[in-house]
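The values are calculated or read from the model by the stated rules, or taken from the named source; none is laboratory data. If you're wondering where the values come from, they're calculated on a predicted model, not measured in any experiment. Cβ placement follows ideal geometry from the backbone for every residue including glycine, while neighbour counts extend to all protein chains displayed.
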Amino acid sequence: MQVLVIGSGYVGLVAAVGFAASGHRVTGVDVDPRKVDQLRAGRSPIYEPGLEELLMENLGAGRLTFTGDLAEGIVDADAAFICVGTPQSEDGSADLQHVLGVARDLGRAMSLRPKDAPPLIVVDKSTVPVGTAARVHAALEAETDRSFEVVSNPEFLREGCALDDFLYPDRVVVGCRTDFAEGVMKSLYDPKLQAAKARNPQAGQWFRMDPPSAEMTKYAANAMLALRISFINEIAGLCEVVGADVDHVRTGIGSDHRIGRHFLNPGPGFGGSCFPKDLQALLRVGREHGHPLLTLQTTVEANRLQKQVLARKVKQHFGCPPGVPAPLKGRRFALWGLAFKAHTDDIREAMSLELIESLRAQGAELVVHDFEAMPRVRERIGDRVAYTEDFMAACDGSDALIIATEWPAYAQADLDEVGRRLKAKVLFDGRNLFRPEVLLAQGWTYHSIGRASVRP
């Protein structure tokens with residue numbers, strides 16, 4: 001099938017490459033000419049494991065092209081996916097100006113299609129609030145007399161394993177009104193559904209519903225996951241003060257099939273492009289309809305406080321009394337991890353940025369490392385911190401090590417070597433990569449999440 005993907009950000013690029021990998025002919029469209037040139041050269045503007053390799057492969061096979069001109073792919077397209085950003089407005093709502101702008105552009109470009117062409121399936125792939133499909137339909141209808149149908153098809157991609165999620169989906173949710181639209185969408189996704197089922201008979205599920213329900217499904221899924229994260233983080237905090245071990249607790253509750261083990265890993269709060277923004281958008285929808293979402297309001301506040309947990313532990317350990325200017329002046333900290341999670345370069349809403357600002361405000365110096373995110377942090381905050389390509393070197397002469405992102409290499413680091421490089425064997429582990437009893441036996445002062453701190 002012929003596929004048009006508008007927007008080459010995280011969702012759009014994964015979708016474009018993923019559909020091409022399944023044998024469809026894909027035209028990717030982006031308004032940024034530098035990004036278009038970069039993609040044509042086979043260079044991905046984002047880091048995602050395996051993405052650049054698959055991009056190159058499908059460019060070489062002729063299944064994937066990129067352009068800045070929407071008209072280049074509109075004539076023969078069976079489906080057009082809208083994959084542009086929906087940033088958070090000042091009032092918390094999702095800003096739909098880019099989505100509706102693309103819809104209007106699509107409507108005008110559709111004049112190039114023959115009048116007897118089958119309906120173009122216009123797909124909302126961006127995360128959008130309930131009612132967006134109707135607004136997109138109205139925007140298209142105002143610009144064209146050609147046949148079309150608007151479909152909601154939310155993405156459920158996890159950064160760091162997005163390609164796998166796209167090529168082997170647990171489920172595909174399609175909000176549409178006609179059998180024709182469903183048929184086009186099934187043709188697009190069938191190779192991936194079959195591949196997923198071959199891996200796991202329980203995967204590759206297909207759900208057809210109305211567009212408002214599909215739109216709500218995406219928001220509700222993200223809200224539920226965010227709630228689980230905040231819940232286990234609050235339980236972790238309570239574990240620390242009562243002497244319990246959150247690792248044992250989460251194992252115990254996760255073994256209950258009604259609860260399950262997923263998203264029960266305590267940490268320094270959630271970040272990224274989805275959860276914080278989508279929670280605010282859903283809260284806004286609730287307020288607009290006179291239905292406040294009290295549980296989600298609490299989740300947002302709990303996460304705000306959790307993102308300060310490592311800074312609080314550092315300040316408590318080194319003594320930062322209120323009213324004393326720059327109590328950490330002369331202290332230097334090694335910070336491992338900047339991305340909001342491992343296997344991505346995404347620093348949107350990353351806890352590390354808040355940690356850096358909090359410690360710098362106390363007079364501290366930081367030497368930071370991340371396997372992919374350092375260029376984005378440098379763009380964001382410049383030289384307010386020192387950067388190193390060698391995470392072990394960050395420890396040289398530092399007063400303590402702080403771990404903010406769960407890159408696997410950090411968990412396999414030689415702690416004896418780390419201890420020799422630090423001024424003192426002090427570790428603040430925001431991802432619980434190590435066990436307290438093991439660190440204690442090695443002479444460390446060790447602070448983690450949801451477990452008692454240990455000191456030799």
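Test of understanding: among GLY382, GLY397, which residue is loosely packed, with under 15 Cβ neighbours inside 10 Å, modelled with pLDDT of 95 or more, in contact with a strand residue (DSSP E or B) (Cβ under 9 Å, 6 or more places away or on another chain) and not assigned by TED's automatic domain parsing to the domain that holds PHE270?
Answer to the check: GLY397.
For GLU417, the test of being at pLDDT 95 or above and either in a helix (DSSP H, G or I) or among the hydrophobic types (A, V, I, L, M, F, W, C) (or both) is passed.
So that you can scan it fast, the table gives a plain yes or no per residue for (1) under 23 Å from the mean Cα position of the chain (by Cα); (2) part of a loop (DSSP other than H, G, I, E, B); (3) hydroxyl-bearing (Ser, Thr, Tyr):
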| position | (1), (2), (3) |
| --- | --- |
| GLU52 | yes, no, no |
| ASN58 | no, no, no |
| PHE81 | yes, no, no |
| THR86 | yes, yes, yes |
| GLU90 | yes, yes, no |
| HIS98 | yes, no, no |
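Selection within the range 232-283: residues that are at pLDDT 95 or above and of a type in the set (Ser, Thr, Tyr). The member of this set that is surrounded by the fewest Cβ atoms within 10 Å (Cβ to Cβ) is SER255. All of (1) in contact with a strand residue (DSSP E or B) (Cβ under 9 Å, 6 or more places away or on another chain); (2) of a type in the set (Gly, Ala, Ser); (3) under 30 Å from ALA373 (Cβ atoms) hold for SER147 with one exception: (3). For the range 126-228, the helices (runs of 4 or more DSSP H) that sit wholly inside it and include 1 or more residues that are touching a residue at least 12 places away in the same chain (Cβ under 8 Å) and closer than 26 Å to ARG348 by Cβ are 132-141, 162-167.
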